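Remarks on the structure that follows.
The values are calculated or read from the model by the stated rules, or taken from the named source; none is laboratory data. Just so it is clear, the structure is predicted and the values come from calculations on it, not from any experiment. For neighbour counting, all protein chains shown are included, and Cβ atoms are generated from backbone atoms with ideal geometry for every residue, glycine included.
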Amino acid sequence: MQNILEPGTVLRKRYEILELVGQGGMGAIYKASDRRLEGRVCAIKEILPHLTENSTSEEELEQVAEQFRTEASTLARLDHPRLPKVSDYFSNGSREYLVMDYVPGRDLQEILHEKQRQNEILTEEQVVEWAIQLLDALDYLHIQDPPVLHRDIKPSNIKLTPRSEIKLVDFGLVKLLQQDDTRTVTVVQGRGTVAYTPLEQYGGDTGFTDARSDLYSLAATLYHLLVGTPPIDAKERFLRPGSLPPIGAANPTVTPRIERVIFQALSMHPNERPQTAREMRDLLIGSKPLPQLPHALQIQPLPKLSWRKVFQQNQALIGVTLGLLVIATVISLL
């Protein structure tokens, strides 16, 4: 059972815990005051490293701590306006801590729920504007050396600040890709959230994931924001091809182009998705032609009726209408 830090607890003789912000199986996030820099409020991510039952020796614990330091030092070098800045990292026993900017505002899950309570929808224009900001952040992460993956993009991990800026938060599930792409260093690890997780990520750290996995999660997030419900998860869609309901049926503000881009990024196979964040951005803004959708993701149009079938179904009504037209014509000639 995880022990929650009480308000007033001071970490590293510097960070005073103010309140618990969120909690999960891999740790917790706290709002804290920085005693060294008066007036500064920060967020502290407490991580419980994944250890096997036999990972209890001092040597194994040190290996885990060293891996965490490698990953945290990479995060501390990141500097992008759509990402919270990581300013410090340290260990305390078996727990690891990331200190980063505290991002005020509401997450997109909260905003979506508020819209639903008011019987309103998020428009394509608004969601695409957010998507472009997020893709800018993902492009920055993915071109790092080694590339950095977020692996848990979802509405609750995206914040809209009081200045209407989007921030991709919760670095608790990032993954660093090694140069040879054959193994990863992942201490701050996780398996993502099912509705937003591509099929290749179901294996956790044993599965091969890359930048296109983040694009799938972002597309699933966009789908959720526009439709109001998350998409059918990848495993079920794999078993039932063509089962993903169209977006336009639930949200009339969504154009065919945007729907196709989202469906493309939700493709089962990574090769069928946009290959980079920049490519997906170009598809969204219309500066790149749309590729052909995979057959399993073809958006089904509304059924069309032949003229003969329309006539057969409305024969009586057509007869009455023609009769009225004849009468109106005769009267006009009198």
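For the range 91-110, a residue qualifies if it is surrounded by fewer than 19 Cβ atoms within 10 Å (Cβ to Cβ) and closer than 13 Å to Thr221 by Cβ, and exactly one does: Gln109.
Let's see how each residue does on (1) touching a strand residue (DSSP E or B) at 6+ places or on another chain (Cβ under 9 Å); (2) touching a residue at least 40 places away in the same chain (Cβ under 8 Å); (3) not assigned by TED's automatic domain parsing to the domain that holds Gln67:
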{"residue": "Arg14", "(1), (2), (3)": "yes, no, no"}
{"residue": "Leu18", "(1), (2), (3)": "yes, no, no"}
{"residue": "Val21", "(1), (2), (3)": "yes, no, no"}
{"residue": "Gly24", "(1), (2), (3)": "no, yes, no"}
{"residue": "Ser33", "(1), (2), (3)": "yes, no, no"}
{"residue": "Arg40", "(1), (2), (3)": "yes, no, no"}
{"residue": "Lys45", "(1), (2), (3)": "yes, yes, no"}
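Among the residues of the range 111-135, just one is among the acidic types (Asp, Glu) and crowded, with 18+ Cβ neighbours inside 10 Å, namely Glu124. Only one of the numbered conditions (1) in contact with a helix residue (DSSP H, G or I) (Cβ under 9 Å, 6 or more places away or on another chain); (2) modelled with pLDDT of 95 or more; (3) among the β-branched types (Val, Ile, Thr) is violated by Thr52, and that is (2). Residues that are hydrophobic (A, V, I, L, M, F, W, C) and touching a Pro at 6+ places or on another chain (Cβ under 7 Å) within the range 72-130 comprise Met100, Val103, Leu108, Leu112, listed in sequence order. Restricting attention to the range 23-35 and to residues that are under 15 Å from Asp101 (Cα atoms) and of a type outside the set (Ser, Thr, Tyr), the residue that is nearest to the chain's Cα centre (by Cα) turns out to be Ile29. Those helices (runs of 4 or more DSSP H) of the range 218-294 in which 3 or more residues are loosely packed, with under 15 Cβ neighbours inside 10 Å and at negative phi occupy 234-239. Under the condition of being more than 13 Å from Ile47 (Cα to Cα) and in contact with a Leu (Cβ under 7 Å, 6 or more places away or on another chain), which residue from the range 76-108 is modelled with the lowest pLDDT? Once the filter is applied, the top-ranked residue is Val86.
Criterion first (at pLDDT 95 or above and farther than 21 Å from Ile258 by Cβ) does Lys159 satisfy it? Criteria met by Lys159.
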